[in-house]
Amino acid sequence: MISPDFIVRLPLFLTILTPISHIETDLQLIAHLADQREEENDHFKSFLANQDPVGIDLRVFALQAAITPQIDCRQCGNCCKTLMIEVTQPEAEQVAQLLGVESDQFVSENLEKGIGQRMIMNTMPCRFLEELSCTIYTDRFAGCREFPALHLPGFTARYFTTRMHYGRCPIIFNVLEALKKELSFFTPDLPVSV
Ligand code: SF4
Ligand code: SF4
């Protein structure tokens, strides 16, 4: 069911399909800019705290829908190279079956315990990444499917996590930069982002 909140904000949603003038995909440049913009992104967190979180979600949904198709993940693969993906027991069993091994063997060879005893892949880059393609794509883990999670509500509440990946994921980088522009965000004591 569509929430009343969404209906009230629908006109906003329809007016924020701002054309994106430039999409940055250079991973080295993005990592460099992320270092440079640490303080700016701190300020942006405080700025977001004073905005309507549902309105921010609608802007982020629209921006990610406009930006994501313009970035080819098969030319990037940086999340698969630099993140340790969480794996649940049913996912481990499914992939073990796909690979034709016992699930205990799959777990002992490929997974380790992370924070809160959750299981994570024990290699980085992920061992299922081959030449920027996922060799278990149709059976990839929920964490892989969700990343970078900009289609999910709660952007403001999840800002810390999203920002952690700002310097590694071109989709996040471009969405955040476009969001700053849409909201006319700037910090007077810092140079304006380009
Ligand atoms: S399972 Fe596939 S999509 Fe997930 S991190 Fe590994 S290579 Fe990437
Ligand atoms: S989700 Fe982001 S980091 Fe992962 S491949 Fe796509 S653009 Fe690159």
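No lab work stands behind these numbers, since they all come straight from the coordinates. No experiment lies behind these values; they were computed from the predicted model shown. Backbone-built Cβ (ideal geometry, glycine too); neighbour counts: all protein chains shown.
Summary table
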item	result
Square roots of five times the Cα gyration tensor eigenvalues for region 84-146, Å	16, 14, 11
Sequence-separation-based contact order of the chain, relative, with Cα cut under 8 Å and 6+ spacing, percent	33 percent
Added length on full extension, which subtracts the Cα-Cα distance from 0.36 nm per residue, THR82 to GLN97	2.8 nm
Computed helical MRE - 222 nm, the chain, DSSP H runs ≥ 4 contributing -39500 (n - 2.57), nearest 500	-14500 deg cm²/dmol
Cα-based reach from LYS181 at 25 Å (exclusive), listing lysines while leaving out same-chain residues under 8 positions away	LYS45
Student exercise, the chain dipole from Lys, Arg, Asp, Glu Cβ charges, in Debye to nearest 20	380 debye
Distance cut-off 22 Å, percentage of C-alpha pairs in the chain lying past it	54 percent
Length added when fully stretched, ARG127-PHE160, from 0.36 nm per residue minus Cα-Cα	9.2 nm
